[in-house]
Amino acid sequence: TSLRKRITPISWLSWVLWCSVMLSPAWGYVIVNSVSWSVTNEVEEELDSSSNEEALPALLEDTTSIWKQSYPASVYKEDGEMRSRPVAGRSKQISSPSRMFSYRRESVKGTDSITPQEQASRTARFLTHYNSWGFLATESTQEKIQGVPFGNCLLVSDGPINNSTGIPFFYVTPKDNTVTDLMKNSVASLTLPEAEGEFCRKNIIDPEDPRCARLTLTGQMVMVPPEEMEFAKQAMFSRHPVMRKWPRNYEWFFMKMNIEHIWLQNWYGGVSTIAVEEYFKAVPSKE
């Protein structure tokens with residue numbers, strides 16, 4: 001009683017509510033691909049009323065839309081009906097399905113034998129082939145920011161639409177500061193985001209979200225040798241026809257990246273490093 005006198009009515013009410021919440025059996029966790037969050041009473045009621053595959057959280061959506069609930073919707077519907085029935089006495093609490101939800105990703109037809117590393121290599125090749133532009137970072141030679149990383153968006157192609165090589169080609173001009181930097185230090189970093197594709201835009205996913213994949217390639221930027229010039233033209237002009245009309249007085253020429261290191265961020269779980277030889281052996285695929 002003396003403790004209660006020292007606590008204001010509002011503080012006392014807050015303390016009681018806090019204890020009720022902590023002791024409530026309605027709390028649990030949702031685990032989705034190593035992501036978890038608490039389920040409140042309001043969310044629990046919503047699950048009971050609309051627990052079906054069409055009402056899955058947006059977090060579960062991916063490029064293949066193959067997420068399934070581990071528990072059938074009927075279980076939660078029956079649970080809701082049981083709790084709504086009048087019960088004589090509350091001495092025996094009605095057991096309800098576990099508040100722990102898990103989701104499994106079903107295997108895609110034809111990919112059961114593919115290892116996670118092979119899938120990562122395929123996704124990397126997909127991003128290289130289907131991206132029409134990338135973010136190239138160089139070491140600046142400009143007087144005011146000499147030695148500072150300098151980024152620029154450039155059009156890119158690894159080959160005609162039906163012929164992926166995995167090698168990024170560029171059509172550049174010496175008048176570009178990026179090219180000036182490369183003439184002094186040819187090492188560069190190229191980032192290719194999935195944000196350009198339909199998946200991230202359609203699902204309104206931020207480009208930095210782990211579900212929106214991004215690929216980073218580093219290596220030496222070199223001029224395309226004469227024996228590869230015809231292919232470089234096909235690669236760039238077939239994907240970017242407007243390039244043919246760019247002013248000739250800008251002295252355009254072709255460059256490519258000799259890839260040395262590969263990093264892929266794809267879904268939750270951190271960044272994957274991909275061996276260069278595995279990358280070039282892979283076939284472009286979203287999976």
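Of the set (1) over 29 Å from ILE145 (Cβ atoms); (2) touching a Gly at 6+ places or on another chain (Cβ under 7 Å), all apply to ASN266 but (2). For the stretch 111-144, the tally of residues that are in contact with a strand residue (DSSP E or B) (Cβ under 8 Å, 6 or more places away or on another chain), surrounded by 18 or more Cβ atoms within 10 Å (Cβ to Cβ) and hydroxyl-bearing (Ser, Thr, Tyr) stands at 4.
Annotation: of all residues in the stretch 147-169 being among the hydrophobic types (A, V, I, L, M, F, W, C) and open to solvent by less than 10 Å² (accessible area, probe 1.4 Å), the one that is nearest to MET229 (Cα to Cα) is PHE169. Contact map, the stretch 134-149: residues that are in a loop (DSSP other than H, G, I, E, B) paired with residues that are open to solvent by 90 Å² or more (accessible area, probe 1.4 Å), Cβ distance under 9 Å, separation 6+ or inter-chain. Pairs shown: SER140/GLN146; SER140/PRO149; THR141/MET183; THR141/LYS184. Within the stretch 138-167, which residues are in contact with a Phe, Trp or Tyr (Cβ under 6 Å, 6 or more places away or on another chain), of a type in the set (S, T, N, Q) and farther than 15 Å from ASP181 by Cβ? Result: SER157, single match.
Can you name the residue in the stretch 194-229 that is of a type in the set (S, T, N, Q) and in contact with an Asp or Glu (Cβ under 9 Å, 6 or more places away or on another chain) and, of all such residues, is modelled with the lowest pLDDT?
Of everything passing the filter in the stretch 194-229, ASN203 is modelled with the lowest pLDDT.
Of the listed requirements (1) part of a loop (DSSP other than H, G, I, E, B); (2) under 27 Å from ARG211 (Cβ atoms); (3) at pLDDT 95 or above, SER113 misses just one: (3).
The values are calculated or read from the model by the stated rules, or taken from the named source; none is laboratory data. Note that the structure is predicted; figures quoted are calculated from it, not measured. No Cβ is skipped: glycine too gets one built from the backbone with ideal geometry, and neighbour counts run over all protein chains shown. Just the protein is used for accessible areas: all its heavy atoms, side chains included, with ligands, DNA and RNA removed. Shrake-Rupley method; radii C 1.70, N 1.55, O 1.52, S 1.80 Å.
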